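The values are calculated or read from the model by the stated rules, or taken from the named source; none is laboratory data. Keep in mind that this is a model prediction, so the values were computed, not measured. Cβ placement follows ideal geometry from the backbone for every residue including glycine, while neighbour counts extend to all protein chains displayed.
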Amino acid sequence: MTNKQSLFLVVEGLDGAGTTTISARLADALRARDLQVRLTAEPTDGPLGSLLRAHVKGDANLDEQTAALVFTGDRADHLGQVIRPALRRGDWVVCDRYLLSTLAYQGAAGVSREAVLAASDRFDVPDVTFVLDVPEEARAQRLAARSRSERYEGAELAESLRRSYEESIELLRSAGHRIEVIDSSQSIDKVLEDVLSRLDLPG
């Protein structure tokens with residue numbers, strides 16, 4: 001893989017894994033290589049994304065089937081409004097969360113992952129999805145340092161969410177997605193180094 005073409009990169013992981021931090025650092029590292037980069041995230045800041053953010057924070061309540069549908073709608077809008085136009089311009093896209101999060105989080109709540117994947121069959125497949133994997137003890141410590149907990153951060157959900165992520169990763173790999181698992185218990189600099197090493201970038 002080289003830097004001669006624009007790529008669609010996704011950073012995923014359980015809450016507390018560091019997806020937002022690594023997404024931003026990855027975008028900065030690519031810009032330092034004179035690449036045009038669009039850093040974005042899901043849920044988006046659009047109308048559907050705003051509803052989802054309220055749901056995640058516990059300020060709104062959606063049943064998980066509805067949440068999966070709204071996540072899918074937000075993703076369709078995100079692709080049309082942000083991701084595809086950026087790729088057409090030749091920009092690299094770094095996205096903090098994408099399809100894998102919906103499969104994992106809503107899948108853990110009993111929503112059919114296969115149905116979510118089928119509803120997403122016309123969505124762009126990332127060139128690489130990086131999954132940040134962190135031991136549960138370290139993740140719990142990171143979450144405990146936050147000023148406010150969110151809907152999916154409860155300790156009672158940890159085991160089912162981790163299992164759901166593993167199952168969702170296998171589902172996407174079977175559908176042809178390239179997924180790279182990164183040890184995010186390391187320092188931020190080392191995590192970023194590992195991510196960049198999977199892209200075979202010069203310099």
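Structure above, values below:
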| read-out | value |
| --- | --- |
| Enumerated helices (runs of 4 or more DSSP H) restricted to the range 74-137, each holding at least 2 residues that are of a type in the set (S, T, Y) | 99-108 |
| Single residue of the range 188-201 satisfying the filter (more than 21 Å from Q5 (Cα to Cα) and in contact (Cβ under 8 Å) with a residue 40 or more places away in the chain) that is surrounded by the fewest Cβ atoms within 10 Å (Cβ to Cβ) | I188 |
| For T40: the one exception among (1) in contact (Cβ under 8 Å) with a residue 24 or more places away in the chain; (2) part of a helix (DSSP H, G or I) | (2) |
| Pair list, Cβ < 6 Å and 6+ apart or interchain, from the range 87-98 residues that are modelled with pLDDT of 95 or more to residues that are outside any loop (DSSP other than H, G, I, E, B) and among the hydroxyl-bearing types (S, T, Y) | V94/S23; C95/T40; D96/T19; D96/T20; D96/S23 |
| From the options L9, L51, residue that is over 17 Å from L161 (Cβ atoms), more than 14 Å from the chain's Cα centre (by Cα) and aliphatic (A, V, I, L, M) | L51 |
| Selected residue (only one of V116, V128, V94 is within 23 Å of R198 (Cα to Cα) and touching a helix residue (DSSP H, G or I) at 6+ places or on another chain (Cβ under 6 Å)) | V94 |
| One residue from S149, S185, S168, S112 being at pLDDT below 95, surrounded by 13 or more Cβ atoms within 10 Å (Cβ to Cβ) and more than 17 Å from I22 (Cβ to Cβ) | S149 |
| Criterion: of a type in the set (A, V, I, L, M) and within 13 Å of the chain's Cα centre (by Cα) - qualifying residue of A60, A17, A29 | A17 |
| L52, sole failed condition from (1) over 19 Å from F130 (Cα atoms); (2) buried (at least 19 other Cβ atoms within 10 Å of the Cβ); (3) modelled with pLDDT under 95; (4) out of contact with any Pro (no Cβ under 9 Å at 6 or more places or on another chain) | (4) |
| Near pairs, Cβ below 6 angstrom, 6+ apart or cross-chain, from the range 63-75 (in contact (Cβ under 8 Å) with a residue 12 or more places away in the chain) to any residue that is crowded, with 18+ Cβ neighbours inside 10 Å and not in a helix (DSSP H, G or I) | E64/V111; Q65/V111; A68/V111; D74/P43; D74/T44 |
| Scope the range 14-32; condition aliphatic (A, V, I, L, M), closer than 20 Å to A104 by Cβ and outside any helix (DSSP H, G or I); matching residues | L14, A17 |
